[in-house]
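These notes concern the structure reproduced below.
Read-outs throughout are calculated quantities, based only on the coordinates presented, and are distinct from any laboratory measurement. Note that the coordinates shown come from a computational prediction; the quantities given were computed from them, not determined experimentally. Using ideal geometry, Cβ is built from the backbone for each residue, glycine included, and neighbour counts are taken over all protein chains shown.
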Amino acid sequence: MSQIKALALLSGGLDSTLAIKLVQEQGIFVHALHFYTGFCITEHKRRLGIKKEDGSQYVNPALKAAAQLGVPVEIVDISEEYFNVLLNPKYGYGKNVNPCIDCRIMMLRKAKEIMDREGYHFVITGEVVGQRPMSQRLPILKLIEKEAGLEGYVLRPLSAKLLPPTVPEKMGWVDREKLLDIKGRGRKVQISLAKKYGLDYEQPAGGCCYLTDPNYALKFKETLEREGSITREDLVLLSVGRHLRLPSGVKLVVARNEGEVNFLSGFKNRYGYAHRKDQQGTLVIIKGVPKEEEYPLIAGVVCRYSKREPAEVIIKVKDEEMVILGEPLEDEILESFKILKGASHGVG
């Protein structure tokens, strides 16, 4: 028989990386798939040009993991279709706005299409029984396989001994005895294996999806409640800057650093905006049409986050541009506008 070939879902996290390593050790050719949803925090920071605390650049976690493993990796962009899954998840959300079950089904369906088309024998994932309360319980793992049309063809090497034998095991393609029985949220076994194999991985592990972030979820729900709908652009904007809501309901998105200024500049042709006339400091994207009395407030926000000093501020809404002498807004007033109260950094 020709060499057995497997597809692997590779997020770039430690679990999916180890799952591939365990199967590679059995002489199986592995081709990795990395699904791009648009919500990976690490990838978002990389695109913004944000650096880590040690000054190093962020890198795509899947590309980094694939390089360590020596496996080919294919980036599959599902962001367009994922938008509908996010807004209308058949199996609901997790703790925040993460449609984990629907997300997993979608990825495995895509993997099945590639598996059938290109002659792969089975699919590998890094799932660990009991690690995630919504999507990694035994009944849900079975449900996901069934919905994806992959019953028996999903091998989960890290927890395989806790699960019924899969087709790859029954057919003798994979030795079940060389697989593991990890369960729960603990990471000791995985960390030990990473040391054994000399694998570098992101620390803290996990947490790469914006949709699991409570601050992102709060902004998502607030937008849906206040505006009645969410667009694809909203989903991007929710991951950037400080978010303020003026009394009229107009939203301000305030850049926190140079990377965000550059990123938000790409929205200036679609929304109103405000910045210092001398281009020093922040950029504010204006979503909606402010009332006349709110223009000084917007200028005050710009001055507050641009050196905390008075300045001439350009405000453009629709086709009208004006210049206002702004004074830094008082923190008490600013706090009342924040969607995330007390937020000064992070996802907020």
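In the stretch 107-162, Rg over Rh equals 0.97, where Rg is the alpha-carbon radius of gyration and Rh the Kirkwood radius from pairwise Cα distances.
Sorted from fewest to most neighbouring beta carbons within 10 Å, what does the list 176, 304, 270 look like? Spell out each step's value before the answer.
On the way: 176 15, 304 21, 270 10.
Ordered from fewest to most neighbouring Cβ atoms within 10 Å, 176, 304, 270 come out as 270, 176, 304.
Whole-percent P(r), the stretch 90-215, all Cα pairs, 5 Å bins from 0: 2, 9, 18, 21, 20, 18, 10, 2, 0, 0.
Could the peptides 288-301, 91-104 be put in order, highest first, of the mean number of other beta-carbon atoms found within 10 Å of their residues? Could you put the intermediate results ahead of the total?
Working: 288-301: 17.8, 91-104: 20.1.
Packing proxy ranking, top to bottom: 91-104, 288-301.
Relative to the longest principal axis of the C-alpha atoms of the chain, give the angle of the C-alpha long axis of helix 214-227, reported between 0 and 90° and rounded to the nearest 10°. Relative to the chain, helix 214-227 is tipped by roughly 60 degrees.
Output needed for the stretch 1-96: three equivalent-ellipsoid semi-axes, defined as square roots of 5 times the C-alpha gyration tensor eigenvalues, in descending order, whole Å. The partial results should precede the final answer.
Values: eigenvalues 136, 88, 27 Å².
The equivalent ellipsoid of the stretch 1-96 has semi-axes of 26, 21, 12 Å.
Scattering from the C-alpha atoms of the stretch 213-337 alone, worked out with Debye: what is log10 I(q)/I(0) at q = 0.13, 0.14 1/Å? Ignoring solvent entirely, the Cα scatterers give -0.47, -0.55. A Stokes-Einstein calculation at 25 °C with viscosity 0.890 mPa s, built on the Kirkwood radius of the stretch 5-210 over Cα pairs, returns a diffusion coefficient of 142 µm²/s.
Relative to the longest principal axis of the Cα atoms of the chain, helix 100-118 runs at roughly 60 degrees. Angle of helix 138-148 to the longest C-alpha principal axis of the chain, folded into 0 to 90 degrees and rounded to 10: 80°. With Cα atoms defining each centre, the stretch 9-67 and the stretch 107-163 are spaced 19 Å apart in the structure. For the chain, the Kirkwood estimate of the hydrodynamic radius, built from every pair of different alpha carbons, is 22.3 Å. With contacts defined as alpha carbon pairs under 8 Å and 6 or more residues apart, what's the relative contact order of the chain in percent? The normalised contact order for the chain reaches 14 percent.
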